[in-house]
Each structure stands twice: as structure tokens, then as C-alpha cells.
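Right, one structure below, let's go through it.
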Amino acid sequence: MENTLVSEKLSNGNTINYQIINGTAYHEETCQEVINILERARNNKSRIRVFYGDSTTGRDWHEENDIIGTIGRSTGNIKIPLLVKSSSSYGGGGLLDHCIVKITIDKMVVYEHNNYDLGYLVIEESDTEGYPYSVLIDSEIHANFESLKKAENYILFLKGERNKI
């Protein structure tokens, strides 16, 4: 794999440094294992799910949107990896590849940060009208639900055992 470095100066004055692997520009802080998985997924057109978080601590950010798709890449001089929603899509959002703390393919974990931390998840009864169940993460209310089943499904979603809320 070719590995060259390139910098991009943004209009806000900041600079992003990339490592170019097989023509794709990955953030300089993206670990090699994540790059290898993303490159394989791009070449194989595998549908993946990414879990974003703090790449230093391994703490998951519990993102719910724009986390499932296939890997493409942008056009232009610096071709960053994109997460393309479906095979009929023409583009997608840029991956925060240096913030990936876990990757699954078909709900199977193919990468997990050494210190991956989802937090402590629990369901409790709620006083919120119409939403009798709450999902708490580390004792903080994260979301409320209309039924116990929806709260349970949400926890399975956050864990990566389910790809729909």
C-alpha cells in the first residue's frame, strides 16, 4: 500500500494532515487497523456500521445517524472516505475516520478500540407522560420510550446487536 502524507489548509485557517492509502486520504491520526478494514470494505463494497467516539479513551459517542453504509470516496484532489447510505446513492457524508472506536459488519465486530467503552446502560421507569421508560447511560437519561420493547431495542442498537432503532 502506498503511504504518502498531504496537508489541506481549510478556509477557517486550520490544517488537516492526511495519509494517502490506495488513493484515499485518511486523517493522519487514523489507526492502521481501521484503515485496513475501511479499505477492504470499500474494495468489497461491504455494508458496515461505524461507532464514533473518543479515539484516545475509547468512549463511544452513541451516534444514531449516518453510521451505516458502504465506503466510497470523494472526488477532487484529496479523496476522503465517505459513508454512502445505499448502492443507489451518489455520495455520502465524510467519515470521521480518526474518531472510529468500533466497526461491525453484519452485526459482527471487526474492530474495537482497546479501551472501548459504551458506558453502563440501564432501563428505568420514567415519569415523562407518554414515555414510561428511559434508557440511562452512566446514570444520565439518554432517551425516553413509549414501550419497554422500544427501550430494549434501543440498547441492542447502541451495542451494535441491532442496526435499527
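Examine the range 32-48 for a residue that is outside any helix (DSSP H, G or I), closer than 18 Å to Asn115 by Cα and not hydrophobic (A, V, I, L, M, F, W, C), and state whether such a residue exists. No; the residues of the range 32-48 include none that is outside any helix (DSSP H, G or I), closer than 18 Å to Asn115 by Cα and not hydrophobic (A, V, I, L, M, F, W, C). Can you confirm whether Ser147 is within 27 Å of Glu33 (Cβ to Cβ), small (Gly, Ala, Ser) and loosely packed, with under 12 Cβ neighbours inside 10 Å? Taking the combined requirement at face value, the residue does not satisfy it. Remark: pairs (first residue in the range 141-155, assigned by TED's automatic domain parsing to the domain that holds Thr128; second residue assigned to a helix (DSSP H, G or I) and modelled with pLDDT of 95 or more; Cβ separation under 7 Å; 6+ apart in sequence or on different chains) = Ala143/Tyr154; Phe145/Ala151; Phe145/Tyr154.
Residue count for the range 122-135 satisfying the condition of being surrounded by fewer than 17 Cβ atoms within 10 Å (Cβ to Cβ) and on the phi < 0 side of the Ramachandran plot: 9. In the range 113-155, the residue that is nearest to Ser55 (Cα to Cα) out of those that are among the β-branched types (Val, Ile, Thr) and assigned to a strand (DSSP E or B) is Ile137. With respect to the conditions (1) in a loop (DSSP other than H, G, I, E, B); (2) surrounded by fewer than 15 Cβ atoms within 10 Å (Cβ to Cβ), Lys79 falls short on a single one, namely (2).
Can you name the residue in the range 93-106 that is touching a Leu at 6+ places or on another chain (Cβ under 9 Å) and in contact (Cβ under 8 Å) with a residue 24 or more places away in the chain and is also surrounded by the most Cβ atoms within 10 Å (Cβ to Cβ) among such residues? Checking each candidate, the answer is Leu95.
A residue that is without any contact (Cβ under 8 Å) to a residue 24 or more places away in the chain and hydrophobic (A, V, I, L, M, F, W, C) cannot be found anywhere in the range 29-45. When you scan the range 117-130, do you find a residue that is under 21 Å from the mean Cα position of the chain (by Cα), under 21 Å from Asp66 (Cβ atoms) and of a type in the set (Phe, Trp, Tyr), even just one? No, the range 117-130 has no match at all. Checked against (1) closer than 26 Å to Asn22 by Cα; (2) surrounded by 16 or more Cβ atoms within 10 Å (Cβ to Cβ), Leu118 meets all criteria but (1).
So which residues in the range 49-73 are in a loop (DSSP other than H, G, I, E, B), in contact with a strand residue (DSSP E or B) (Cβ under 6 Å, 6 or more places away or on another chain) and modelled with pLDDT under 95, if there are any at all? Lay out the reasoning, then the answer.
Here is the first cut: in the range 49-73, the ones in a loop (DSSP other than H, G, I, E, B) are 54-58, 61-67.
Of the ones still in play, those that are also in contact with a strand residue (DSSP E or B) (Cβ under 6 Å, 6 or more places away or on another chain) are 58, 61, 63, 66-67.
Result: Asp66, single match.
The values are calculated or read from the model by the stated rules, or taken from the named source; none is laboratory data. Computed from a predicted structure; not experimentally measured. Heads up, the Cβs are rebuilt from the backbone with ideal geometry, glycines too, and the neighbour counts pull from every protein chain shown.
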